[in-house]
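Computed from the coordinates by the stated procedures, all read-outs in this text should not be read as laboratory data. Since we're looking at a predicted model, the values are computed, not measured. Note: ideal-geometry Cβ built from the backbone for every residue, glycine included; neighbour counts use all protein chains shown.
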Amino acid sequence: MRFTENEAILHFSLVSSKQLLADRNLEVTDEQLQDAIRFIERSIGIAFQSEQFKAILCLYPKARIFLASIGMSDVGVIHTIKSALADFFTGGEWPGAVDDDLFISVLQKQAIAMNYKLGKRMY
């Protein structure tokens, strides 16, 4: 079956939504949680405790489900985690056309203002 571009987008969204519903009760393992926390500290410089990041994942079920079902090895999961953090700290999206370093500095300032600790950003 061949899809037009719009049909393909709708088909992918339908498949994705069905999978999210099927996986809605999945829980993140301790290993997956630690992988995500390490990624965040190394790439964004915010050092979450396990319970802090679990609480944020409760607010962003799509990020929790993707992390639990796929893990941090998938670029889509990384994007979803970053989007959740952008929304949590700024109320907005992760900007595509802005220098990441500039936006990360905003996230870090917001994290400090909300009493989260900073870690060592490596990349």
Task: Listed residues Ala47, Ile104, Tyr116: farthest to the positive end of the dipole of the stretch 26-118 (Cβ charges) - done: Tyr116
- [ ] Under 12 Å from the Cβ of Arg24, count the other residues' Cβ atoms, weight Lys and Arg +1, Asp and Glu -1, and hand me the total.
- [x] +1
Task: Theoretical FRET efficiency, 1/(1+(r/R0)^6), r = Cβ-Cβ of Ser43 and Gln19, R0 30 Å, to 0.05 - done: 0.70
Task: Coordinate range along principal axes, alpha carbons of the chain, Å, largest first - done: 50, 34, 23
TODO: Could you work out the local net charge near Gly76, counting Lys and Arg as +1, Asp and Glu as -1, over the other residues with Cβ closer than 12 Å to its Cβ?
DONE: +1
TODO: Order these peptides, 63-76, 98-111, by their mean beta-carbon neighbour count within 10 angstrom, highest first.
DONE: 63-76, 98-111
TODO: Note down the net charge around Met122, summing +1 for each Lys or Arg and -1 for each Asp or Glu among other residues with Cβ under 11 Å from its Cβ.
DONE: +3
Open item on the list: Give me the dipole magnitude in Debye, nearest 20, for the stretch 26-118 about the Cα centre, with unit charges on the beta carbon: positive for Lys and Arg, negative for Asp and Glu.
Closed with: 180 debye
